[in-house]
1. Tell me, which helices (runs of 4 or more DSSP H) wholly within the stretch 319-431 include 3 or more residues that are surrounded by 21 or more Cβ atoms within 10 Å (Cβ to Cβ)?
2. Identify, please: which residue in the stretch 261-291 is part of a loop (DSSP other than H, G, I, E, B) and free of Cβ contacts under 8 Å to residues at least 12 places away in the same chain and is, among those, surrounded by the fewest Cβ atoms within 10 Å (Cβ to Cβ)?
3. Every residue in the stretch 297-318 that is exposed (fewer than 14 other Cβ atoms within 10 Å of the Cβ), among the small types (Gly, Ala, Ser) and within 25 Å of Gly209 (Cβ to Cβ), please.
4. Working carefully through the options Glu119, Glu90, find the one that is out of contact with any Ser or Thr (no Cβ under 7 Å at 6 or more places or on another chain) and over 19 Å from Arg254 (Cβ atoms).
5. Take the residues in the stretch 127-151 that are farther than 14 Å from Ala42 by Cα and touching a helix residue (DSSP H, G or I) at 6+ places or on another chain (Cβ under 8 Å); name whichever of them is surrounded by the most Cβ atoms within 10 Å (Cβ to Cβ).
6. Being out of contact with any Ser or Thr (no Cβ under 7 Å at 6 or more places or on another chain) and at pLDDT 95 or above is the filter here, so list the residues in the stretch 141-158 that pass it.
7. Right, Leu156: at negative phi, assigned to a loop (DSSP other than H, G, I, E, B), surrounded by fewer than 17 Cβ atoms within 10 Å (Cβ to Cβ) and in contact (Cβ under 8 Å) with a residue 40 or more places away in the chain or not?
8. Select from the stretch 432-448 the residues that are in contact (Cβ under 8 Å) with a residue 12 or more places away in the chain, in a helix (DSSP H, G or I) and not aliphatic (A, V, I, L, M) and write down the one among them that is farthest from Val246 (Cα to Cα).
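The values are calculated or read from the model by the stated rules, or taken from the named source; none is laboratory data. Only a predicted model underlies this, so the values are computations on that prediction, with no experimental measurement involved. Here the Cβ positions follow ideal geometry from the backbone for every residue, glycine too, while neighbour counts run over all protein chains shown.
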Amino acid sequence: MARKMLIDGELNKSNEEEAHYDFDLFVIGAGSGGVRAARFSAQYGAKVGICELPFHPISSEELGGVGGTCVIRGCVPKKILVYGASFGPELEDARKYGWELNEKINFNWKNLLHKKTEEIIRLNGIYKRLLSNAGVKLYEGEGKVVGPNEVEVTQLDGTKLCYSAKHILIATGSRSHRLDIPGQELAITSDEALSLDELPKHAVILGGGYIAVEFASIWRGMGAMVDLCFRKELPLRGFDDEMRAVVARNLEGRGINMHPGTTLTKLVKTAEGIKVLTDHGEEIVADVVLFATGRLPNTKRLNLEAVGVELDKTGAIKVDEYSCTNIPSIWAVGDVTNRVNLTPVALMEGTCFSKTVFGQQHSKPDYNCVPCAVFCIPPLSVVGLSEEQAREQAEGDILIFTSTFNPMKNTISGRQEKTIMKLVVDAETDKVLGASMCGPDAPEIIQGIAIALKCGATKAQFDSTVGIHPSAAEEFVTMRTVTRRIPKAKTNL
């Protein structure tokens, strides 16, 4: 109620008071969340400014560019590389379908890199036009907060511009994290991995998260030898354990050397390449070492602590349910808040911010049933609760339904790679609490399943839905037999 009263009070201030500010809103960071908030706020009639570092299509030295991490050095370019990596195995499978590929299949990394860069430049231009068409003023430079209502923008030539704003929104995303070991400067992060001059012949990847397994799939699909080192027994910590095991088997089945329970201790430059030492005493020589050890909120250069904005121990900006910081005029959305770090979530948060502050519609982001995907090959996609989360959260017994099968396409190609699907159901209410899939087209299928879960679908409604035959997706509406029943979790009294 206090937040609502504060917002109402600010929205009802007189036009004379508004005129004291250069902008109604100034956004620092023109990624997905920042651009969305800026555009929608402008459509509500706000005067909006936004700043972002210029985009360098080849260099990753300055992590700038309108469009942000997703468009410039994240989701989009990475998905393009996933597509490129997928064609090699697909062409091999095609031989069994009658395609006579008599010549050796060659892959041209530089050609794909060029096409990828062209697409990023195109999207960067589209995002700039979106801002311009919405009437948002773009400043290319590095922004920081110098007061509750003041922003300073440093341009490339060193010129400093200062602006006042009734509201300031921080949307600077996150940055790659490096492991602090001897020789760390010899490694690269995902930023550089997207623009390597040469395709690696042998890559060592440290990390068990989605970035690590995606790049392992990319480089292996393009013919490189890949060693994947991760601290846990399975990759993708936080995902459903059964699905994690499937992903691990698939990666290994595609020729990736898996090193569970392993971390790196030292990197040494040698004539043969980079010598990688592990905590198990192994030595691996590679030409590329990728640190995929997570990302950190991008708050270091924003001057937030000087103006009193509270951060957590990771450097993330603390916000309330409306994305407002402890300073009433300063807000934050996206990865910089370290809530749910996904592009569509940043878009949702940016939308809710603009509705709340300028649309007179008090809107909170809804994080229930947010679907996500890991674009390894084949991909993993999930929505709702994992089996492990359901065990902890459900008030009654849980029913697990699974289906494991060889995709129809593989029966001819001969590829030995199972698809697995899973539904987590509340035994008492029959409500479907979670769904997951690892196999071809998983993200496309789970997106539709997410709508059902968002609407509170029951297992009976899944069962009464007619499937599309023959398709993999129909398995989600034909799972009739309970794989296992999990009794209600015991609680300590």
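1. 343-357
2. Restricting attention to the stretch 261-291, the residues satisfying the condition of being part of a loop (DSSP other than H, G, I, E, B) are 261-263, 270-273, 279-282, 287.
Now restrict to residues that are free of Cβ contacts under 8 Å to residues at least 12 places away in the same chain: 271, 281.
Values: Ala271: 5, Gly281: 7.
The qualifying residue surrounded by the fewest Cβ atoms within 10 Å (Cβ to Cβ) is Ala271.
3. none
4. Working: Glu90 fails: over 19 Å from Arg254 (Cβ atoms).
Criteria check complete, one pass: Glu119.
5. Ranking the qualifying residues of the stretch 127-151, first place goes to Val145.
6. Taking the stretch 141-158 first, the residues out of contact with any Ser or Thr (no Cβ under 7 Å at 6 or more places or on another chain) are 143-147, 151-158.
Once the filter is applied, which keeps residues that are out of contact with any Ser or Thr (no Cβ under 7 Å at 6 or more places or on another chain) and at pLDDT 95 or above, the stretch 141-158 yields Gly143, Lys144, Val145, Val146, Gly147, Val151, Glu152, Val153, Thr154.
7. Taking the combined requirement at face value, the residue satisfies it.
8. Within the stretch 432-448, the subset in contact (Cβ under 8 Å) with a residue 12 or more places away in the chain is 432-443, 445-448.
If we keep only those that are in a helix (DSSP H, G or I) as well, we get 442-443, 445-448.
Filter once more, keeping what is not aliphatic (A, V, I, L, M): 443, 447-448.
Numbers: Pro443: 16, Gln447: 20, Gly448: 22 Å.
Applying the filter and picking the extreme gives Gly448.
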